[in-house]
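Worksheet: the structure to be examined is printed underneath.
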Amino acid sequence: MAEAAAAAPALQLEGVTCTFPSPDGRGRSYTAVQGASFTVADGEFVSIVGPTGSGKSTMLNVAAGLLKPSEGRALSFGQPVTGINPKAGYMFQAEALMPWKSALDNVAAGLEFRGVSKAEARERALPWLSRVGLEGFGDRFPHQLSGGMRKRVALAQTLIVDPKIILMDEPFSALDVQTRQMMENELLDLWAADRKSVVFITHDLEEAIAMSDRVLVLSAGPGSRLIGEYRIDLDRPRDVAEIRMTPQFLALHQEIWAQLRDEVLKGYAQTKLR
Amino acid sequence: MRSHAKRLPSRPVILLLQLGVLIAFFLIWHLLTDTKILSPFFFGTPGAVLARTWADFASGVIWYHLGITLLETALAFIIGTVAGIAFGFWFARAPLVSVVFDPYIKAVNALPRVVLAPIFALWLGLGIWSKVALGVTLVFFIVFFNVYQGVKEVSPVVLANARMLGASSRDLFRHVYLPSALSWVFSSLHTAVGFAMVGAVVGEYLGSAAGLGYRIHQAEGVFDTVGVFSGMLVLTIFVVLIDAAVTMIEKRLLHWRPQDTGGGQH
């Protein structure tokens, strides 16, 4: 059983294409992602970078099972993803906490949905709150927390149900730089503790290199495809702020940026056209 | 935006000023009728109105009528709210139903509900149920539109997040749709309770044998202005009390919401 799971990659996308009807109902349809194929090994931290509008979130939604691809398929630990992927946890870019639940109840929600009693779910949520540094904030409601604290709650909420693969869609993009680096380090610490697979979407190349084992580069949309793959063999454990100063980091950054820059420019030109 | 150039005085001072306005109103009324500038026959006198109100409470006759009106209000509110929630959910979750019925809902909502009162009196008699029915038609639409909106306005991200956390459709209803819809219902609670009372009193006024509206109508029939004003006074006092109770309930149930940003239609 364990070996079978180890053999199958945590996530495998095979020729995934996603086409959406145009918003006004007529005219041409819009292809967000074109023939995307990649795998994420068990325990691997993979980042996907690409310019805005390159369909990064679309691929993540396919992996999560929130979106059915027009062509191709997604597999998670060898199982085709049909409907919500039960092995996946998802951290959204936008605010996803339930505003009518306290921080503690938000963290406990996933357990409650799995049939754990409310009292027990709360009891098990408490250590998770302190693990993300929010001890004593359990009875606050989301609007009473800062942006960084809400992201911590969301992180605990995602991790408490023990997903085998975590999908993260620019989770820290709304945070200021200091809070963001703190969160990145905390995420790496939590990840190092039990090495789940992570697919991390970002438009920030530095963030991608600092955190990942592997960086995938997406071309500018529409019809984005994967155009580059880079192995990041920097030592772990890493400190995301310090690692940015090392020569290996700079070399990698230069190499990937050379490819990404053209795509960013293309993407930028298209947003101006739209 | 609150300007901080003009500081408001402290709360006790404001309460004192508010009390002052009330006293001034009664004082002016008293002076104008006492000096016969306004005829006491048409305008009553505050002394007589207060004395009548006091006498009604002291003798206990008013309690029966007040009880009837409050019962009608409560029934109209409860039935209208439950039906509004049920239909609001149904319409929001079944797009075809909502599209087909949309023009009819709008048409019925645009109809002045008072014209239904004689019909209800015919159907349901002069007892409390014709008044309850009138109140229900008023309350239902407020709650219905708010629930519909509340279910429609659920953030798709919050919804997707709950689904990723393993929520079944029952969980989604209980943990996502219902709290969202209820927050809209509660924000329209003041209006709904007010309309329930309007339905009750207007219904009584148009034809009944008991209730505050009935008493006001009776007094009006014999040109008893003091009786009319006394009825209005009792009604006002109870509307204010009910509204205060609603505010308290609202604060308890919506404590998760940031202050000063009320959603919902009014």
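Screening residue B:179 with (1) farther than 30 Å from residue B:33 by Cβ; (2) in contact with a helix residue (DSSP H, G or I) (Cβ under 8 Å, 6 or more places away or on another chain); (3) not in a loop (DSSP other than H, G, I, E, B) gives one miss only, at (2). Looking at A:189, A:139, A:194, A:204, just one residue is open to solvent by 10 Å² or more (accessible area, probe 1.4 Å) and free of Cβ contacts under 8 Å to residues at least 12 places away in the same chain, and that residue is A:194. If you go through the range A:253-264 one residue at a time, do you hit one that is closer than 29 Å to residue A:131 by Cβ and open to solvent by less than 70 Å² (accessible area, probe 1.4 Å)? Checked against the condition, which is being closer than 29 Å to residue A:131 by Cβ and open to solvent by less than 70 Å² (accessible area, probe 1.4 Å), the range A:253-264 yields no hits at all. Screening residue B:208 on (1) without any contact (Cβ under 8 Å) to a residue 40 or more places away in the chain; (2) among the hydroxyl-bearing types (Ser, Thr, Tyr); (3) not in a helix (DSSP H, G or I) shows it passes everything except condition (1). Within the range A:129-148, if we keep just the residues that are in a helix (DSSP H, G or I), more than 12 Å from chain B (Cβ to nearest Cβ) and in contact with a helix residue (DSSP H, G or I) (Cβ under 8 Å, 6 or more places away or on another chain), the residue that is nearest to residue A:196 (Cα to Cα) turns out to be A:131. Going through the range B:182-192 one residue at a time, which ones are in a helix (DSSP H, G or I) and either open to solvent by less than 20 Å² (accessible area, probe 1.4 Å) or among the aromatic types (Phe, Trp, Tyr) (or both)? If the condition is that a residue be in a helix (DSSP H, G or I) and either open to solvent by less than 20 Å² (accessible area, probe 1.4 Å) or among the aromatic types (Phe, Trp, Tyr) (or both), then B:183, B:184, B:185, B:186, B:187, B:189, B:192 are the ones that fit. Restricting attention to the range A:91-106 and to residues that are under 17 Å from residue B:171 (Cα atoms) and within 18 Å of the chain's Cα centre (by Cα), the residue that is surrounded by the fewest Cβ atoms within 10 Å (Cβ to Cβ) turns out to be A:97. Only one of the numbered conditions (1) over 23 Å from the mean Cα position of the chain (by Cα); (2) surrounded by 14 or more Cβ atoms within 10 Å (Cβ to Cβ); (3) within 13 Å of chain B (Cβ to nearest Cβ) is violated by residue A:115, and that is (2).
Taking the criterion of being within 25 Å of the chain's Cα centre (by Cα) and at the interface with chain A (Cβ under 7 Å from one of its Cβ atoms), the only residue of the range B:150-182 that qualifies is B:179. When the residues of the range A:70-90 are filtered to those that are open to solvent by 50 Å² or more (accessible area, probe 1.4 Å) and part of a strand (DSSP E or B), which remaining residue is nearest to the other protein chains (Cβ to nearest Cβ)? Looking at the filtered set, the residue picked out is A:79. Here B:99, B:132, B:115 are screened, and the one residue that is more than 14 Å from residue B:199 (Cα to Cα) and among the hydrophobic types (A, V, I, L, M, F, W, C) is B:99.
The values are calculated or read from the model by the stated rules, or taken from the named source; none is laboratory data. Every value quoted in this text rests on a predicted model; they were computed, and no experiment measured them. Cβ coordinates were reconstructed from backbone atoms using ideal geometry, including for glycine residues, and neighbour counts include every protein chain displayed. All accessible areas refer to the heavy atoms of the entire protein, side chains included, with ligands and DNA or RNA removed. Shrake-Rupley method; radii C 1.70, N 1.55, O 1.52, S 1.80 Å.
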